Amino acid sequence: MHQYYSEFMNIIETENREALLNLILSKLKNEEIDILTLYTQILAPSLNSMLPSEKDKAFIWREHVRSSIIRTIIENCYPYVIKERDEKYGLKLNKKVAIVCPSEEYHEIGARMITDFFTLAGYDATFVGSNTPRDEFLDALSVLDIAYIALSLSNPYSLITARKTIEKIKQTDSKVKILVGGSAFKNKEHAYKELGADMYLSSFEDIRKLAEEDSK
Ligand code: B12
């Protein structure tokens with residue numbers, strides 16, 4: 001567990017967005033933490049440790065509020081993402097990545113986080129959104145020069161939607177490569193092949209390896 005995790009959790013239990021944002025921004029400013037550590041060791045576990053309980057009538061409320069606070073923190077981290085991309089990782093690739101959650105997939109924090117991981121690794125990365133409507137997305141694809149589409153899936157039902165979406169994407173643009181990841185693949189990483197995706201990735205390290213290949 002990261003040394004700042006309990007301090008962060010004590011504040012997030014109170015749902016004090018301002019205090020959390022100030023805490024994180026001061027740690028980033030003073031270089032006491034970096035983006036990768038913040039996202040993977042503090043922000044992600046603060047959500048993934050939430051366990052549904054029938055006794056807790058406010059559980060869904062708290063899930064929404066906590067997701068929203070984490071989203072605020074991530075959006076405010078952007079200047080530090082750019083700074084670390086340039087000063088720490090130093091790779092700039094001329095390749096566009098669109099990060100998408102398919103229709104009916106409402107879990108967006110993982111997708112938003114990995115958008116910043118692609119940026120850190122040097123890609124021109126855009127978070128398109130959760131619950132992205134398929135037909136509108138396909139229309140855009142035919143006019144934009146996108147190298148990769150990264151689908152983030154959390155809800156196991158999204159695996160079915162994703163298969164159909166991937167099939168349509170391939171029909172629209174046969175050159176674009178499809179990457180998939182997210183907690184829906186837990187213990188079934190091989191499922192990416194049945195979905196018709198080109199690659200399953202799980203971590204920043206995987207994205208870095210891809211970037212290194214792309215820079216050759
Ligand atoms: C927050 C949350 C919600 C919020 C989402 C809000 C939002 N704006 O995103 C709300 C309240 C909307 C929600 C709704 C639901 N949820 Co929910 N939710 C969660 C919770 C608590 C946290 C998810 C999260 O954001 N984690 C933080 C992120 C950062 O972690 P992550 O997604 O795993 O992402 C990391 C990696 O997976 C990876 N990654 C992710 N995508 C990609 C893509 C690529 C290409 C790469 C390289 C890597 C990568 O990088 C990230 C950083 O390390 C989880 C609990 C859990 N244990 O996961 C349940 C959970 C995911 N939800 C679940 C369920 C069932 C639902 C609902 C069906 C509940 C319901 N009955 O209505 C609905 C479904 C809505 C829908 N149609 O999508 C289940 C799903 C899995 C399952 N086994 O069934 C979980 C696991 C809870 C549980 N234990 O039952 N949920």
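The values are calculated or read from the model by the stated rules, or taken from the named source; none is laboratory data. Bear in mind that the values here come from a model prediction, so they are computed numbers and not experimental data. When we count neighbours, we look across all protein chains shown, and the Cβ atoms used for this are built from the backbone with ideal geometry, even at glycine. Quick note on the areas: whole protein, heavy atoms, side chains included, nothing else; ligands and nucleic acids left out. Shrake-Rupley method; radii C 1.70, N 1.55, O 1.52, S 1.80 Å.
Taking Cα pairs under 8 Å and at least six residues apart, what relative contact order does the range 173-216 come out at, in percent?
Relative contact order comes out at 36 percent.
Considering Cα pairs under 8 angstrom that are at least six residues apart, work out the relative contact order of the range 6-141 and quote it in whole percent.
Worked out over the range 6-141, it gives 21 percent.
Between HIS190, PRO133, TYR106, whose Cα lies farthest towards the positive end of the dipole of the range 103-216 when Lys and Arg beta carbons carry +1 and Asp and Glu beta carbons carry -1, centred on the Cα centre?
HIS190
Taking 7 Å along the Cα-to-C-beta vector as the label spot, tell me the SER142-TYR89 distance in nanometres, rounded to one decimal.
Output for this residue pair reads 3.3 nm.
How would the chain be classified by its alpha-carbon gyration tensor: rounded, prolate or oblate, with rounded meaning a/c under 1.5 and the a/b versus b/c comparison settling the rest?
Because a/c hits 1.5 or more and a/b fails to exceed b/c, the chain counts as oblate.
Beyond 19 Å, what share of the Cα-Cα pairs of the range 94-216 is found? Please give it as a whole percent.
Cα-Cα pairs in the range 94-216 separated by more than 19 Å: 40 percent.
Quick check on the chain: helices-only [θ] at 222 nm, where DSSP H runs of length 4 and up contribute -39,500 (n - 2.57) each and the sum goes over total residues. Nearest 500, please.
The per-residue figure over the chain is -14000 deg cm²/dmol.
Just add up the charged neighbours of VAL176: K/R +1, D/E -1, any other residue whose Cβ is under 12 Å from the Cβ of VAL176.
That works out to +3.
Quick one: if the Förster radius is 25 Å, what FRET efficiency do GLU31 and THR126 give, using the C-beta to C-beta distance and rounding to 0.05?
With a Förster radius of 25 Å, E is 0.35.
Provide the per-residue ³J(HN,Hα) series for the range 132-140, in order, calculated from phi with Karplus coefficients 6.51, -1.76, 1.60 and θ = phi - 60°, each as a whole number of Hz, with x at glycine and proline positions.
Values, residue by residue: 6, x, 5, 5, 5, 5, 5, 4, 5 Hz.
Test of understanding: what is the full-extension gain from MET50 to GLU189, defined as 0.36 nm times their sequence separation minus their Cα-Cα distance?
47.7 nm
Roughly how tilted is helix 17-29, in degrees to the nearest 10 and between 0 and 90, from the longest Cα axis of the chain?
80 degrees
For the pairs LYS96/LYS168; LYS88/LYS164; LYS92/LYS177; LYS188/LYS216; LYS27/LYS216, flag any whose C-alpha to C-alpha distance is greater than 28 Å.
Cα-Cα > 28 Å for LYS88/LYS164; LYS188/LYS216; LYS27/LYS216; rest within.
If the elastic network links every pair of Cα atoms under 10 Å, which of GLY182, GLY129, GLY90 fluctuates the most in the Gaussian network model of the chain?
GLY90
Go through the range 109-216 and name the chymotrypsin sites (Phe, Trp or Tyr not before Pro) that are in a DSSP coil and have 13 or fewer other Cβ atoms within 10 Å of their Cβ.
TYR157
Alpha carbon centre of the range 95-116 versus the range 39-73: separation in Å?
18 Å
Which percent of the accessible area of the chain is formed by carbon and sulfur heavy atoms (probe 1.4 angstrom)?
50 percent
Please provide three numbers in whole Å: the alpha-carbon extents of the range 73-115 along the principal axes, with the largest listed first.
For the range 73-115, the Cα spread along each principal axis is 38, 26, 10 Å.
Rounding to the nearest 10 and keeping the result within 0 to 90°, find how far the Cα-based axis of helix 109-120 lies from the longest principal axis of the chain.
70 degrees
Count neighbours as other Cβ atoms within 10 Å of each site's Cβ, and list the chymotrypsin sites (Phe, Trp or Tyr not before Pro) in the range 73-113 that are DSSP loop with at most 15 such neighbours.
For chymotrypsin sites (Phe, Trp or Tyr not before Pro) across the range 73-113 that sit outside H, G, I, E and B with at most 15 neighbouring Cβ atoms in 10 Å, the list reads TYR106.
Skip the ligands, DNA and RNA, and give the accessible area per residue of the chain with a 1.4 Å probe, whole Å².
Per residue, the chain has 54 Å² of solvent-accessible surface.
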